[in-house]
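These notes concern the structure reproduced below.
Where a number appears in this text, it was derived from the coordinates with a stated rule and is not lab data. Quick caveat: nothing in here was measured; it's all calculated off a predicted structure. Glycine gets a Cβ as well: all are built from the backbone with ideal geometry, and neighbour counts include every protein chain shown.
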Amino acid sequence: MPAPANKPPVSRAQLNACRRCTLWRDATQGVPGEGPGGARIMLVGEQPGSQEDLQGAPFVGPAGHLLDEALHKAGIDRNTVYMTNAVKHFKFELRGKRRLHKTPSQLEMEACGYWLEREIQRIDPLVIVALGATAARSVLGRKSVTLSAMMDEPVEHDGRLVLATYHPSFALRQTSEEARAATFERIVASLRRAARLERKRGA
Ligand code: URA
């Protein structure tokens, strides 16, 4: 059943009390998903970045800004989608004063799968867009996925369509302007496809 608009499927307090793995120790706070209870599209990222960790909201840092641009170009209003992450605490290593992102382990992803599953069940989206391989593995509950295959063909999973695309951070990491633009356009194309699939499913 979709969550009532005013009650998030997973609260910050629940995430802050979570001891399913040890990532809570170094993170500032847990970062729950955000978006309307009746969202028909859910976007799943990997884990909060440094800005998200500080602000307590998903996709508010550089990757989030690029994602906002991609959503805009795809004709999707950010306020209509539910955005969350496979892992709810920021995992990083310190380099001097900088907190550098570290990919979550399989165990951390599995531990946090409890919260992601809860969000999926409560929001009940028609289409899930996994941003990157970590998100795709978490959403599908698989140890490995082939991102390129999932970008070309959405997968039916528990009665929903799951499609994957590049993570916006991957676009930001590209060293040439051309590669960055091509990666961005691929994300936009995937989001457009998600919107088309959602309209078809919801019709
Ligand atoms: N990267 C993610 O995967 N999620 C965020 O919320 C921010 C950056």
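Report the Cα centroid-to-centroid distance between segment 79-100 and segment 26-59 in angstrom, as an integer. Taking the Cα centre of each part, segment 79-100 and segment 26-59 sit 8 Å apart. The label point for S176 and the one for T80, both projected 7 Å from the Cα toward the Cβ, are 3.6 nm apart.
Springs between Cα atoms under 10 Å define the GNM used for the chain, and in it the highest mean-square fluctuation of Q47, Q174, Q55 occurs at Q174.
Three semi-axes describe the equivalent ellipsoid of the chain; taken as square roots of 5 times the Cα gyration tensor eigenvalues and ordered largest first, they are 24, 21, 16 Å. Using a simple spin-label model with pseudo-atoms 7 Å out from Cα toward Cβ, A17 and E153 lie 4.4 nm apart. Extension gain, R201 to K143, is 18.1 nm, computed as 0.36 nm per intervening residue step minus the present C-alpha separation. Ranking I41, G96, V162 by how far each Cα lies toward the positive end of the dipole of the chain (charges on Cβ) leaves G96 at the top. In a reduced charge model with +1 at each Lys and Arg Cβ and -1 at each Asp and Glu Cβ, the chain shows a dipole moment near 300 debye about its Cα centre.
May I ask you to list the aspartates and glutamates whose Cα is less than 17 Å away from that of K91, ignoring any residue fewer than eight positions away on the same chain? Reachable aspartates and glutamates: D26, E46, E52, D53, E108, E110.
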